[in-house]
Amino acid sequence: CVWQMTRQFPTAFEFNSHLLLTIAQHAYSMRFATFLHDCEKHRKEAKVHERCVSLWTFLKNCDAYKLGHFTNPFYNKQRDEVIFVAWDNTHVTVWADYWLQHCCSSAQLQLVKDRMPPCTVSKNQLPTHPSNARVIGRIGH
């Protein structure tokens with residue numbers, strides 16, 4: 001969701017997709033205390049902070065952070081407007097860097113992207129507001 005927002009509003013976020021990808025990869029790595037257990041109370045009871053470092057501590061001390069690899073060069077500090085995210089199929093796309101990251105080569109990655117079926121729902125079939133949503137058909141039918 002956040003990655004989709006960074007695509008639609010490239011100057012609104014101080015971080016870039018490299019940081020999001022790093023967080024997403026470590027959400028299931030079980031390497032950091034940040035994502036262990038369901039809540040801070042359970043993390044304290046299990047004393048995970050005594051055995052594991054926080055992902056945020058790791059990121060702030062890693063070379064990629066220090067070298068600015070997680071920083072969005074197009075970030076506009078002066079931006080103060082509310083973001084209205086477009087959620088229709090013309091604005092939302094697959095986050096290939098995450099979902100297709102285990103493809104062996106860029107040629108294979110492009111082949112997978114080319115074979116993705118197009119969305120069959122037209123923009124005029126979408127509700128104007130999410131609360132007006134209804135099922136418009138099954139995928140593949």
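Of the residues in segment 84-100, at least one is surrounded by 11 or more Cβ atoms within 10 Å (Cβ to Cβ), at pLDDT 75 or above and acidic (Asp, Glu).
If you go through segment 3-51 and keep only what is part of a loop (DSSP other than H, G, I, E, B) and among the basic types (Lys, Arg), you end up with 31, 47. Taken over segment 52-72, residues that are under 22 Å from the mean Cα position of the chain (by Cα) and part of a loop (DSSP other than H, G, I, E, B) amount to 7.
Residue-by-condition table, conditions (1) free of Cβ contacts under 8 Å to residues at least 40 places away in the same chain; (2) among the basic types (Lys, Arg); (3) within 15 Å of residue 5 (Cα to Cα):
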site	(1), (2), (3)
67	yes, no, no
70	no, no, no
74	no, no, yes
82	yes, no, yes
87	no, no, yes
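The values are calculated or read from the model by the stated rules, or taken from the named source; none is laboratory data. In this text the structure is predicted, and so the values were computed from the model without any measurement. Cβ: placed from backbone, ideal geometry, glycine included. Neighbour counts: every protein chain shown.
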